[in-house]
Every structure is written in C-alpha cells, then in structure tokens.
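Accompanying notes for the structure given below.
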Amino acid sequence: MKKIFILLLMVTSLVACNPSQQAYNELESFTEYLENYSASFTDKDWEIAELEYSEIIEKIEANVYTDEQLVQIGKLKGRCAVQIAKYSINNAGKALNGILLETEGFIESLIDGLTDDKTEN
C-alpha cells in the first residue's frame, strides 16, 4: 500500500511545478489513498499515514492559496478527518469491548467467590 502512495506522490510531483500546487496535489492524492485503502490499514499503517498527513499539512500551510483553493483544501482535510475518525471509532469500539469482557470476567469471579463462601458455611 505504501508503494502505491509513494508512486502517486511521485506522479503528482512530476506534474506539479510550483510548490503550492504540488502540496495541494499531495493532499488530494493522500485523501484518495486513505479513502481507497485505509479500511485494511494496520495500526502501523495508521502511524505512517498520520506522519505523512502532518508533513503534507505543513507543506500546505507554508504556501498561499486563493479562497477557492482554500475551500477545496478544507474539503480534502475533512475527507481525511472522516477516515481518521472511522479508525478512531473502530479502535474505541475494540477497547470498549475489551473492557466489557474484563468486567464480565471480574463479575463472574466475584459471584463465584461469593457463592463458594456461602457453600462453605
């Protein structure tokens, strides 16, 4: 997956001559990459994606854009935020499930412990 993203970045780098357009193209490619492949990302893939996103945003912020371009950049950032939110919600769901399972085991052991005490008396 990372190879595909790098290839996309290389192509957009060759097409774009000025830094502001290049940064915009990178954000656009990255957004499409997230939308197409993030469903199969591992935690490590997400770490890499977050670093790449931060680097692209730094490039974006180092340039000046028209109002229309800023609207488009905002849309791209929003699309990225949706993908990141999906990942975060999924992770939160996994964590909550783990907590619920631990709680279930804890309650079962309490009940077993209390039941054993009653039968011993």
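The numbers here are math on the coordinates, done by the rules we state, and not lab data. Quick caveat: nothing in here was measured; it's all calculated off a predicted structure. Heads up, the Cβs are rebuilt from the backbone with ideal geometry, glycines too, and the neighbour counts pull from every protein chain shown.
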Highest mean first, what order results for 29-42, 57-70 on Cβ atoms within 10 Å?
29-42, 57-70
Applying 1/(1 + (r/R0)^6) with R0 = 25 Å to the Cβ-Cβ distance of Leu96 and Lys75, what FRET efficiency is obtained, to the nearest 0.05?
0.20
